[in-house]
Structure formats: structure tokens, C-alpha cells
Amino acid sequence: MAHLIATAADGRNAIAYAQSGGVPWHGLGQALTAGADIETWRREAGLDFTVLNAPVQFTNGELHTFEGRNVLYRSDTNKPLSVVSDKYRVVQPTEVLDFFKKLTESAGFELETAGVLDEGRKVWALAKVNDGAPIIGQDIVRPYVLLATSFDATLSTTAKWTGVRTVCNNTLSLATGKTNTESDKTTGAVVQSIKVTHSERFDAVAVRQQLGIVLTAWDRFQVNARLLAEKELSPEDADELTYTLIEPTINPPKGQPFPDVRKTRNYRRIIELFSGEAIGYDLAGGNTAWSWLNAITQFVDHERGRSASSRMNSAWFGTGDALKSRAFELALAV
């Protein structure tokens, strides 16, 4: 689908952002004044609906019920969203915003964007943790917490740290350097990403605690990012990293030969960005591992995909997010 931002009941794009953070990189949505309350966010971001369920029924002359299966649908439009097991646990749109309510009230977080994707099948909110820190010179990255969930089983309820490089609004994965940076549980040490499946109960308090609101994950990220900014990359190094990153993503049509990776658009564009065409290239300290990572994030966030909303969906939840995470791993390995 080329355009994934949902349409709210009043016909506007179902997305809102805080004016204090500037126009977001996707350029969509309603601008809200600083300090807007949760109810305003709920209305302006198109999150003012409830997901309801009803048993799946069919007819062959008589009406029958498909036991164990429910259809999820929107309360405001009656739009069907998916057919799921009757054990599917829904995290309501209001719960996504309420997750941040205590953080904004007592921990200094600021909601910066929220909205709805794919006709209501996916909702999210993003909150800024603080004003960030320079990685090198004036190249500043700000830490955020993202919470998202789906109503069609395509995404577990996911809470994770992410970062935004302010010079070009590239979203980065906050790799902490820990071996286990992703968890399906809400107990244990501070982690970078938590996924709660829809067969489990979403415990907002436990998830907030596990994400480590004391900024442990952010501190680890800064260490890693500054190490990348100190590591110079030769053209040969950049070639090897880019080839290793792109080669697994190529799937030629059946019966067609495998293409020369270095002749693909993705490979060539990443090398161009790394070699000086990236936004903020002059801030990143020349040809370093940090510059290479930012070439990947700019490509994913601003150029890959067919529209701003599809790029956003991919960059946060899909193949784009996976590509950026893999790039961070490759860069750290150097």
C-alpha cells in the first residue's frame, strides 16, 4: 500500500506531532502546541476509537458461528480490521497514549508524535526523553521511546528505545552493545526493545520499568555511537560493509540470475550518501563508521519506499528497521 497513514473520521491524516519538535521527517499530520493534554493528542492523532470484537459468522442458508475466531473492528467506523483467535489480547489505542501519561507527568518525557496506520490496524506514539547529546561536534542525537501495537497480528505490542539524529531526522536503533537487546518478557534487566505478544497481558508498569527510564540504554548508545564516530572507514571498508548489508536483501525473480550487488540502486545510493551526499555529512567527522550508519538511516527514512508513510512504517516496524539494526551491528563489529 503506497499510503499507510490512516484517515481519521474527520477526513484528516490520523497523525499529530508537537510543534516544539519541528515538522517531523515524514511531513504529515496536525501540529499541536507544547504541553497539549492526552485528550487533545487522542483526538488530533485519530486515536479516539476503540477496537471491538464480534464472533465470525457465515451463512450457507443458515447462520453459523466459527467457534474460536473473532473479527476485530473499529468502534467509530465499524471498519473490520482482522480475524483473530478469541484469545487475542487487544491493547487499545487509548492504552498506547496512557502508557506515556505518567512519564510526561512525572518523568519529564514529551510526546512528540502519535498516529494510526493502515486504516487502524496499527497505532503508535513516540515520546522524547531529553534534548539529547552530541555524538561528535554538533551532530546531536535525541533519545525516544516508541510504543506500538497492531490489531491484525502483524506486530506484537512493542516498546523500544530509538534515536533521532536531529540534523536530518534520521531514526536510529539504540543499540546498547548487549548481547540480548530484545525480550518477550517484562522482567529482568534493562533492555532496548520489549515485545509482548497478543496472547499475553500488556503490563504498562512492568514495561516502563524494564525499558529503564533511568536512561541506561541511552547511555550505552552514546558510548557505541562515539566509538563509531572515531573509526575511520576506507572506501574498501565501506564497500565491504555495504555489500554485506545489501546482499541478503536481494531476491531476484525465479529463474533470473543473481544481480551484481554493486550495480543495484540500493548499493550505489548508500555509497553516494557515505561519500558526501548525505545530509549532515560535514558534521559526522568525515568517512567514519558513524557516517556510514547515517548513510543507511537517511536512505531508509528518506529515500527507500514509495511514500512518506510507507517509509515511516518500514523504518519503525518493518524491513527498514531491520536493515538499520543490522547496519548498526555490522558497524560495531568493525
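The values are calculated or read from the model by the stated rules, or taken from the named source; none is laboratory data. The structure displayed is predicted, hence computed values, not measured ones. Because the Cβ atoms are built from the backbone with ideal geometry, glycine has one as well, and the counts that use them run over all protein chains shown. Keep in mind that these areas ignore ligands, DNA and RNA; they rest on the heavy atoms of the full protein, side chains included. Shrake-Rupley method; radii C 1.70, N 1.55, O 1.52, S 1.80 Å.
For this structure, a couple of remarks:
- Here K160 fulfils each of the conditions (1) part of a strand (DSSP E or B); (2) among the basic types (K, R); (3) open to solvent by 50 Å² or more (accessible area, probe 1.4 Å) apart from (3).
- Screening segment 78-129 for residues that are of a type in the set (S, T, Y) and touching an Asp or Glu at 6+ places or on another chain (Cβ under 9 Å) and picking the one that is farthest from L28 (Cα to Cα) gives S82.
- Of the candidates V71, V83, the single residue that is over 29 Å from A308 (Cα atoms), surrounded by fewer than 19 Cβ atoms within 10 Å (Cβ to Cβ) and not hydroxyl-bearing (S, T, Y) is V71.
- Of all residues in segment 70-81, those being part of a loop (DSSP other than H, G, I, E, B) and free of Cβ contacts under 8 Å to residues at least 60 places away in the same chain number 3.
- Residues in segment 211-251 that are of a type outside the set (A, V, I, L, M, F, W, C) and open to solvent by less than 50 Å² (accessible area, probe 1.4 Å): G212, T216, Q222, N224, S234, D239, T242.
- Among (1) open to solvent by 10 Å² or more (accessible area, probe 1.4 Å); (2) on the phi > 0 side of the Ramachandran plot; (3) touching a Phe, Trp or Tyr at 6+ places or on another chain (Cβ under 8 Å) - the single one I136 does not satisfy: (2)
- Taking the numbered list (1) part of a helix (DSSP H, G or I); (2) modelled with pLDDT under 90; (3) loosely packed, with under 12 Cβ neighbours inside 10 Å in turn, K254 passes all entries but (1).
- Among residues of segment 276-314, those that are touching a His at 6+ places or on another chain (Cβ under 9 Å) and not in a loop (DSSP other than H, G, I, E, B), counted: 6
- Hits in segment 15-69 (condition: among the aromatic types (F, W, Y), outside any strand (DSSP E or B) and modelled with pLDDT of 90 or more): W41, F49
- Within segment 88-103, being farther than 17 Å from W161 by Cβ and either assigned to a helix (DSSP H, G or I) or charged (D, E, K, R) (or both) holds for R89, P93, T94, E95, L97, D98, K101, K102.
- Enumeration of residues in segment 302-334 that are among the aliphatic types (A, V, I, L, M) and open to solvent by 40 Å² or more (accessible area, probe 1.4 Å): A322, L332, A333, V334
- Some residue of segment 284-301 being open to solvent by 40 Å² or more (accessible area, probe 1.4 Å), touching a residue at least 12 places away in the same chain (Cβ under 8 Å) and of a type in the set (V, I, T): no
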